[in-house]
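Throughout, read-outs are computed from the coordinates displayed, never taken from laboratory work. Here the structure is a predicted model, which is why all the values come from computation and not from measurement. Using ideal geometry, Cβ is built from the backbone for each residue, glycine included, and neighbour counts are taken over all protein chains shown.
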Amino acid sequence: IVINVASREPLINHPGIVTFGKTRRLCNMANLSATCPELAPPGWHLYVAYAVPVPALGDFDSDTEVALALEDLREQFANFDQAKILSVRVMRDDWPAQRSCAGYDLPRETGIEGLWCVGDAVKQYGNGGTQACAETAKIVTDAILAARPHLAARRV
């Protein structure tokens, strides 16, 4: 679940992503305009919050899950109600947040020489998103170079 929020008052005073540990559904929230002020009009702050439904795999009630995520945001940020919710996107079924859920990833090896899988469907356990894409690309590159030392020798 992705919730895009704009606020006249800052909700978070520092750049980057805040990760939450004791919430119902809320996982993290990024302060987008702190690092990229051009994303928001002058006097506004732009945020994106991410929540995970229960169950994360399988059917769930979207309205209930969004309501719980918004409740978490209200509890974490006393001034959240003055903010404007720009959009709420529930990703599921054919449009998951990631290509696979932790522990259900496919192998990077395909059985076809020279053909490998990279991305967030073949991630290391506990990883995800763009970071997982970069990490699996490095893992595959290292495996290719280890299997073909003559390529590694040319790499500078």
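Given H placed 1.01 Å from N in the peptide plane, which residues other than close sequence neighbours of residue 27 have an amide H under 5 Å from its amide H?
Long-range HN contacts for residue 27: 50, 51, 52.
Please list, in order along segment 63-75, the HN-Hα scalar couplings obtained from phi with the Karplus expression 6.51 cos²θ - 1.76 cosθ + 1.60 (θ = phi - 60°), rounded to whole Hz, x for Gly and Pro.
4, 5, 5, 5, 4, 5, 5, 5, 4, 4, 4, 5, 6
Per residue of segment 14-26, in order, report the coupling 6.51 cos²θ - 1.76 cosθ + 1.60 (Karplus, θ = phi - 60°) as ³J(HN,Hα) in whole Hz, putting x for Gly and Pro.
So the Karplus estimates, Gly and Pro as x, are 10, x, x, 10, 9, 9, 9, x, 10, 10, 6, 10, 5 Hz.
Hey, fewest Cβ within 10 Å first, where do 3, 144 land in order?
Lowest count first: 144, 3.
If I compute Cα extents along the principal axes in Å from the structure I just sent, which labelled value in (1) 54, 30, 23; (2) 55, 36, 29; (3) 60, 39, 25 lines up?
The value computed from this structure is option (3).
By how many nm would the segment from residue 24 to residue 124 grow when fully extended, if each residue of separation counts as 0.36 nm and the alpha-carbon distance is taken off? Don't skip to the answer; put the middle values down first.
Values: separation 100, 0.36 × 100 = 36.00 nm, distance 2.50 nm.
So the chain would gain 33.5 nm between residue 24 and residue 124.
So what J values fall out for segment 139-151 if you push phi through Karplus, 6.51 cos²θ - 1.76 cosθ + 1.60 with θ = phi - 60°, rounded to Hz, Gly and Pro as x?
So the Karplus estimates, Gly and Pro as x, are 4, 5, 4, 4, 5, 5, 5, 5, 7, 10, x, 5, 6 Hz.
Determine which residues of segment 12-55 fall in the zone a paramagnetic label at residue 82 would reach in this model, i.e. backbone nitrogen under 13 Å from the point 7 Å along Cα→Cβ.
Those under the cut-off are 12, 44-45.
Among the lysines, which have Cα under 25 Å from the Cα of residue 84 when same-chain residues fewer than 8 positions away are ignored?
Straight-line reach from residue 84, under 25 Å: 22.
What nm distance separates the two modelled labels at residue 40 and residue 4, each placed 7 Å from Cα along Cα→Cβ?
1.4 nm
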